[in-house]
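Contents: one structure, followed by commentary.
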Amino acid sequence: MLEGDRRPAPGASRGPRRVLVAGGTNFDIIVRADRLPEEHEKLRGGECAASPGGSAANTALGLARQGCAVRLVSAVGDDALGRVCLDDLRAGGVDTSLTRVDPATRTGMAIVLSAGAGKRMMTFAGADRDAAIGAVTEDDIRAVDHVHVVGEPTPPLVRLVQLAHRSGRPVSVEWNGRDMSALAGEATLHLMNADEARRLPGAPGNDAAAAARHYADALPGEVIVTLGPEGALWASPGRRTLHVPTTPVAPVDRTGGGDAFNAGVLAGWLSGESPETCLRRGLDAALHVITKIGAHP
C-alpha cells in the first residue's frame with residue numbers, strides 16, 4: 001500500500017463493499033460506422049444498438065458485476081425508456097430504491113456516433129437527478145462504505161459529498177471533462193481520462209502524465225487518468241506516477257469503457273488492493289466493454 005493512501009482496510013465491513021453511486025441514467029442509441037461523417041454527408045452505419053446507459057448507471061452496474069452492493073441515486077422519467085433502464089439496473093443487481101421516477105418529464109437520452117477509437121455524442125436532458133440527490137440522508141450515507149459521484153457539481157451534489165465527508169465515508173469523483181474542484185476538498189479519488197486532464201484549468205501542456213502529477217500535487221487524494229490504448233496512470237502527491245499498460249485491441253465501441261474502468265478500480269481499491277492491481281482490474285473491465293457495441297454487453 002502506498003504511504004499516505006486512504007484506502008479502507010480489508011475487513012472494514014462484512015460482506016460485499018457497499019457503494020452509493022450518484023449521477024445520471026439515460027437511454028443510449030449507438031450507431032457504428034467505419035468513420036465519422038463529414039458535414040452534410042449521409043454516411044451509412046454498420047451497426048446500431050439501443051440500450052440503457054448514463055455514466056452513473058454504467059458504473060453502478062459495473063460495480064455490481066465486480067461483487068459490490070450498489071445503490072444508485074439518479075432519476076428517470078415515468079415512461080417506457082425509464083422502465084427499461086430501471087429493469088436493466090435491477091436485473092444487474094443494483095438497488096434503485098433511491099432512484100427517482102419523475103412523472104412530469106421524460107428519461108434522458110444520448111445519441112452516440114461510434115467509429116472504433118473515435119466517438120461523438122449528443123445528450124438530451126431528461127429527469128432532474130438533483131431532487132433525488134438532495135433527498136439522500138445521513139442514514140443513507142452511513143449505510144455504505146463509499147460514495148462515487150458523477151455529473152455537474154450542483155449544490156445538491158456538493159451537499160452529498162460534504163455529507164459523506166462528515167460521515168467519514170471516502171468519496172470518488174468522476175471529472176468527466178468538467179471542473180469538479182468544488183468537490184475536490186472532500187474527495188479521496190479523482191478519476192479522469194487524458195483528454196479531460198489536458199483540458200482542465202491549469203493543466204501543463206498536452207502531457208497527460210504531467211497533468212496527472214500536477215493535479216495530484218494540487219488536489220487532496222489520488223488522481224487516476226486513463227490513456228486509451230496506452231493504459232492508465234495513478235498519481236499520488238509527492239510520489240512517482242505509476243503507469244500500467246493495457247492489452248492492445250481494436251475497439252468496437254468506446255461507450256461506457258471509462259465507466260467500466262472506474263468500477264474495476266473502485267472495487268479493487270475498496271478491497272484494499274494495490275494501485276497497480278486496481279489499475280489492471282479497471283483496464284480489464286474496460287476491455288470487456290469496448291470490444292462490443294453498447295455499454296451493457
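Each reported figure results from applying straightforward, stated rules to the coordinates on display, with no laboratory input. Not measured: the values here are computed from a predicted model. Using ideal geometry, Cβ is built from the backbone for each residue, glycine included, and neighbour counts are taken over all protein chains shown.
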Label region 124-171 by shape, choosing from rounded, prolate and oblate, from the square roots a ≥ b ≥ c of the eigenvalues of the Cα gyration tensor; if a/c is under 1.5 it is rounded, and otherwise prolate applies when a/b is larger than b/c, oblate when it is not. prolate
Give me the distance in nm between label points sitting 7 Å out from Cα along the Cα-to-Cβ direction at residue 130 and residue 182, one decimal. 0.9
Defining a contact as two alpha carbons under 8 Å apart and six or more residues distant in sequence, what relative contact order in percent does the chain show? 18
Taking amide H positions as placed in the peptide plane 1.01 Å from N, state which residues far from residue 28 in sequence (5 or more) or on other chains have amide H under 5 Å from it. 51, 53, 110
Where in region 213-297 are there trypsin sites (Lys or Arg not before Pro) that are in a DSSP coil and have at most 13 other Cβ atoms within 10 angstrom of their Cβ? 240
Return the FRET efficiency for the residue pair residue 41, residue 206: r is the Cβ-Cβ distance, R0 is 22 Å, and the value is rounded to the nearest 0.05. 0.15
Within region 108-128, find all residues whose amide N lies under 17 Å from a label point positioned 7 Å from the Cα of residue 84 along Cα-to-beta-carbon. 108-113, 122-127
Using θ = phi - 60° and the Karplus form 6.51 cos²θ - 1.76 cosθ + 1.60, what ³J(HN,Hα) does each residue of region 218-225 get, whole Hz, x for Gly and Pro? 8, 10, x, x, 9, 10, 10, 10
Would you mind telling me which residue in 244, 19, 161 has the biggest mean-square fluctuation in a Gaussian network model of the chain, where springs connect alpha carbons within a distance under 10 angstrom? 244
Taking θ as phi - 60°, what are the ³J(HN,Hα) couplings along region 65-70 by the Karplus curve (6.51, -1.76, 1.60), each to the nearest whole Hz, with x for Gly and Pro? 5, 7, x, 8, 9, 10
Using a Gaussian network model of the chain with C-alpha springs under 10 Å, which one of 100, 199, 65 is most mobile by mean-square fluctuation? 199
Karplus-derived HN-Hα couplings along region 122-139 (A = 6.51, B = -1.76, C = 1.60, θ = phi - 60°), whole Hz, x at Gly and Pro: 10, 10, 10, 4, x, 4, 7, 6, 4, 5, 5, 5, x, 8, 5, 9, 4, 5
Extreme residue, positive dipole direction of region 11-138, given options 69, 96, 52 (C-beta unit charges): 69
GNM, the chain, Cα, under 10 Å: largest mean-square fluctuation among 63, 43, 233? 43
Whole-number percent relative contact order across region 78-185, with pairs defined as alpha carbons under 8 Å at least 6 apart: 19
Label-to-label distance, nm, for residues given as residue 241 and residue 218 (7 Å Cα→Cβ offset): 1.3
Which shape class, rounded, prolate or oblate, goes with the chain when its Cα gyration tensor gives a ≥ b ≥ c as root eigenvalues, a/c under 1.5 marks rounded, and past that a/b bigger than b/c marks prolate? oblate
